[in-house]
């Protein structure tokens with residue numbers, strides 16, 4: 001038997017599980033509305049308006065569905081509260097908000113591929129040095145590859161921080177300022193030694209969960225990037241680029257759903 005969890009919005013705790021008959025009864029009694037969130041696994045959430053037949057279209061004066069007797073108590077309807085805006089700049093919270101561009105992700109991926117290539121250059125220089133002994137050619141190859149890698153690391157880190165900031169600005173737009181992680185905080189925590197490794201996994205997963213994206217997939221990808229940071233540092237930006245792409249697609253999907261239900 002299918003079970004469902006309900007919540008008024010992302011900031012409210014989940015309630016349930018309830019049976020299908022209970023959910024229909026709550027909708028018929030107007031305990032829940034089309035703007036509520038519903039889930040079948042208490043992890044992936046979507047708007048109740050997407051459940052076919054749960055709410056009658058506004059243009060139809062359809063009779064309310066029959067109320068099925070049940071002992072399940074109705075969900076608690078939270079007291080409406082004014083949104084707490086995170087910014088005071090005039091006009092900053094208007095509109096859907098910008099999504100980090102696809103071009104930024106492509107540039108980041110290209111930098112990552114160059115970093116991987118510089119790792120290969122250093123490895124080839126080391127192999128040459130081991131085979132015939134350290135010579136001037138091997139030294140120049142290894143030094144050049146290392147310098148290129150460090151420069152590309154700085155570029156990639158800057159692009160990643162810019163993307164983090166823009167993504168959290170977009171999340172704040174869509175939550176009316178209620179998304180718990182501020183853009184500045186998301187960037188600032190990335191500079192804390194050791195903690196930054198955990199933050200690189202948690203922060204994108206938290207954002208994906210808010211956007212109803214693939215939070216588990218992103219957590220797995222980011223975990224791989226952290227584990228490979230020392231043995232294969234050139235692969236880290238590639239994993240990060242995958243995360244950026246998945247999160248951007250979640251933003252686009254959320255905006256499309258909101259437009260369809262508007």
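The values are calculated or read from the model by the stated rules, or taken from the named source; none is laboratory data. Keep in mind the model is a prediction, meaning the values are calculated, not measured. Every residue, glycine among them, receives a Cβ derived from its backbone with ideal geometry; neighbour counts consider all protein chains shown.
For (1) buried (at least 21 other Cβ atoms within 10 Å of the Cβ); (2) touching a helix residue (DSSP H, G or I) at 6+ places or on another chain (Cβ under 6 Å); (3) under 20 Å from residue 179 (Cβ atoms), each residue gets a yes or a no:
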{"residue": "202", "(1), (2), (3)": "no, no, yes"}
{"residue": "223", "(1), (2), (3)": "no, yes, no"}
{"residue": "231", "(1), (2), (3)": "no, no, no"}
{"residue": "235", "(1), (2), (3)": "no, no, no"}
{"residue": "242", "(1), (2), (3)": "no, yes, no"}
{"residue": "246", "(1), (2), (3)": "no, yes, yes"}
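Looking at 68, 76 in this structure, which one is at pLDDT below 65, surrounded by 12 or more Cβ atoms within 10 Å (Cβ to Cβ), assigned to a loop (DSSP other than H, G, I, E, B) and touching a helix residue (DSSP H, G or I) at 6+ places or on another chain (Cβ under 8 Å)?
On the way: 76 fails: touching a helix residue (DSSP H, G or I) at 6+ places or on another chain (Cβ under 8 Å).
The unique qualifying residue is 68.
Would a scan of the stretch 224-237 turn up a residue that is more than 28 Å from residue 146 (Cβ to Cβ) and part of a helix (DSSP H, G or I)? Don't jump to the end; show me each part of the working.
From the stretch 224-237, those more than 28 Å from residue 146 (Cβ to Cβ) are none; that's our starting set.
Within the stretch 224-237 (the criterion being more than 28 Å from residue 146 (Cβ to Cβ) and part of a helix (DSSP H, G or I)), the answer is no, since none of the residues qualifies.
Note down all Cβ pairs under 8 Å where the first residue falls in the stretch 5-19 and is outside the structural domain of residue 47 (by TED's automatic domain parsing), the second is surrounded by fewer than 19 Cβ atoms within 10 Å (Cβ to Cβ), and they're at least six residues apart or on different chains.
Partner pairs satisfying both residue conditions: none exist.
Looking at 103, 91, 125, 145, which one is more than 30 Å from residue 26 (Cα to Cα), modelled with pLDDT under 85 and surrounded by fewer than 17 Cβ atoms within 10 Å (Cβ to Cβ)?
On the way: 103 fails: modelled with pLDDT under 85; 125 fails: surrounded by fewer than 17 Cβ atoms within 10 Å (Cβ to Cβ); 145 fails: surrounded by fewer than 17 Cβ atoms within 10 Å (Cβ to Cβ).
Residue meeting the stated conditions: 91.
Among 192, 242, 201, 238, which is the only one that is modelled with pLDDT of 90 or more and over 12 Å from the mean Cα position of the chain (by Cα)?
On the way: 242 fails: over 12 Å from the mean Cα position of the chain (by Cα); 201 fails: over 12 Å from the mean Cα position of the chain (by Cα); 238 fails: modelled with pLDDT of 90 or more.
That would be 192, the only listed residue that is modelled with pLDDT of 90 or more and over 12 Å from the mean Cα position of the chain (by Cα).
Looking at the stretch 158-180, can you tell me whether even one residue there is surrounded by 19 or more Cβ atoms within 10 Å (Cβ to Cβ), more than 17 Å from the chain's Cα centre (by Cα) and more than 20 Å from residue 249 (Cα to Cα)?
no
Taking the conditions exactly as written (under 21 Å from residue 212 (Cβ atoms), part of a helix (DSSP H, G or I) and either in contact with a helix residue (DSSP H, G or I) (Cβ under 6 Å, 6 or more places away or on another chain) or assigned by TED's automatic domain parsing to the domain that holds residue 177 (or both)), does residue 49 satisfy them or not?
Numbers: under 21 Å from residue 212 (Cβ atoms): yes; part of a helix (DSSP H, G or I): yes; either in contact with a helix residue (DSSP H, G or I) (Cβ under 6 Å, 6 or more places away or on another chain) or assigned by TED's automatic domain parsing to the domain that holds residue 177 (or both): yes.
Considered against the rule, which asks whether it is under 21 Å from residue 212 (Cβ atoms), part of a helix (DSSP H, G or I) and either in contact with a helix residue (DSSP H, G or I) (Cβ under 6 Å, 6 or more places away or on another chain) or assigned by TED's automatic domain parsing to the domain that holds residue 177 (or both), residue 49 comes out as yes.
For residue 45, work out the one condition from (1) surrounded by 14 or more Cβ atoms within 10 Å (Cβ to Cβ); (2) within 22 Å of the chain's Cα centre (by Cα); (3) at pLDDT 80 or above it doesn't fulfil.
(3)
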